[in-house]
Amino acid sequence: MRGIDTIDNFFTLKLAKKIKRERGNAKMITATNVVAHINNLHELIEGVELLLSKDGVFIMEFPYLVDLISKNEFDTIYHEHLSYFSVLPLVELFKFHKMEIVDLKRNPVNGGSIIVYVSKKSSKYKQSSIVKEYINQEKLKKLNKKSIYDDFSRRVNIIKRDLIDYLQSLKKQKKTIVGYGASAKGNVLLNYCGINTKLLDYIVDSIPYKQGKYTPGTHIPIHPETWLEKNNPDYALLLSWNFADEILQKQIKYREKGGQFIITIPYLRIE
């Protein structure tokens with residue numbers, strides 16, 4: 001992998017011990033958009049703590065729960081995501097393993113992510129004041145209360161209802177509608193809303209290995225992106241809203257010809 005020595009294995013405490021024995025401690029361990037996929041978080045952190053040097057830093061990045069809730073990003077909830085993190089529970093998780101969060105940084109990628117910097121409690125690093133700021137903000141937002149999730153569910157149901165009603169009204173007007181982007185989050189949206197070929201004629205995607213296939217569960221055919229320009233449908237349901245700005249710019253010719261994008265997150269709108 002680009003000249004980097006790669007171990008083809010899952011990260012476990014056993015593997016951490018092996019790496020430490022053969023290569024010594026690590027000054028830095030990074031985990032970008034992977035921790036939320038791991039089932040045994042305690043074993044992960046135990047392995048990280050063992051492998052890190054005294055002043056080493058563990059850097060993890062993941063979609064931020066606050067953004068998921070506030071921006072109605074329900075379509076990021078799917079099978080490979082086992083955890084949805086905020087700062088407060090992570091503080092307790094690391095405290096259990098004699099580690100602490102020393103700094104935080106926001107990242108707009110994927111609808112809103114957060115980068116967390118963690119070190120051993122015995123390290124030279126002092127906790128930034130921003131950590132307490134995030135904790136206080138999360139408490140104010142009542143992320144530890146069931147009511148916030150009930151309200152999230154209510155808003156998601158409204159998005160579903162409004163989207164289906166809108167697509168059905170367009171169909172009654174004999175408008176042509178396709179999907180844009182056969183993404184994982186897009187398939188969550190399609191299945192949750194029950195959208196199939198009665199509402200979408202097909203989906204276009206730029207990735208060759210997806211073309212000629214069908215969407216799982218809804219069985220909508222996937223075609224090359226060139227079909228958008230060739231057929232010039234009236235509307236394209238954007239299924240990769242996290243790249244909305246780039247896609248809208250990329251498809252400027254389609255829009256100049258009268259084509260419009262339907263975007264659902266964080267709310268239903270037409271671009």
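The values are calculated or read from the model by the stated rules, or taken from the named source; none is laboratory data. Owing to the predicted nature of the structure, the values given are computational and were not obtained by experimental measurement. Reconstructed Cβ throughout: ideal geometry from the backbone, glycine too, with neighbour counts over all protein chains shown.
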Inspect all residues belonging to the range 14-21 and state whether any of them is at pLDDT below 95, assigned by TED's automatic domain parsing to the domain that holds Ile115 and of a type outside the set (Lys, Arg). no
Scan (1) buried (at least 16 other Cβ atoms within 10 Å of the Cβ); (2) in contact with an Asp or Glu (Cβ under 8 Å, 6 or more places away or on another chain); (3) at pLDDT 95 or above for the single condition Met60 breaks and write down its number. (2)
Asp67 under 17 Å from Ile115 (Cβ atoms) and among the charged types (D, E, K, R): yes
Among the residues of the range 67-107 satisfying the criterion of being over 21 Å from the mean Cα position of the chain (by Cα) and surrounded by fewer than 16 Cβ atoms within 10 Å (Cβ to Cβ), which is farthest from Gly186 (Cα to Cα)? Lys98
Expected output for the range 91-115 (first residue free of Cβ contacts under 8 Å to residues at least 40 places away in the same chain, partner small (Gly, Ala, Ser), Cβ below 9 Å, 6+ apart or cross-chain) is Glu100/Ser119; Glu100/Ser123; Ile101/Ser119; Ile101/Ser128; Asp103/Ser128; Leu104/Ser128
Kindly indicate the residue of the range 192-225 that is among the hydroxyl-bearing types (Ser, Thr, Tyr) and at pLDDT 95 or above and also nearest to Gln168 (Cα to Cα) among those meeting that condition. Thr197
Before we move on, is Tyr192 assigned to a loop (DSSP other than H, G, I, E, B), of a type in the set (Phe, Trp, Tyr) and either closer than 29 Å to Pro108 by Cα or in contact with a Ser or Thr (Cβ under 6 Å, 6 or more places away or on another chain) (or both)? no
State the number of residues belonging to the range 127-139 that are more than 18 Å from Glu73 (Cα to Cα) and either part of a loop (DSSP other than H, G, I, E, B) or under 21 Å from the mean Cα position of the chain (by Cα) (or both). 3
Among the listed residues Lys142, Lys124, Lys171, identify the single one that is at pLDDT 95 or above, surrounded by fewer than 16 Cβ atoms within 10 Å (Cβ to Cβ) and part of a loop (DSSP other than H, G, I, E, B). Lys124
Candidates Val204, Val118, Val188, filtered to the one that is of a type in the set (A, V, I, L, M, F, W, C) and within 19 Å of the chain's Cα centre (by Cα): Val188
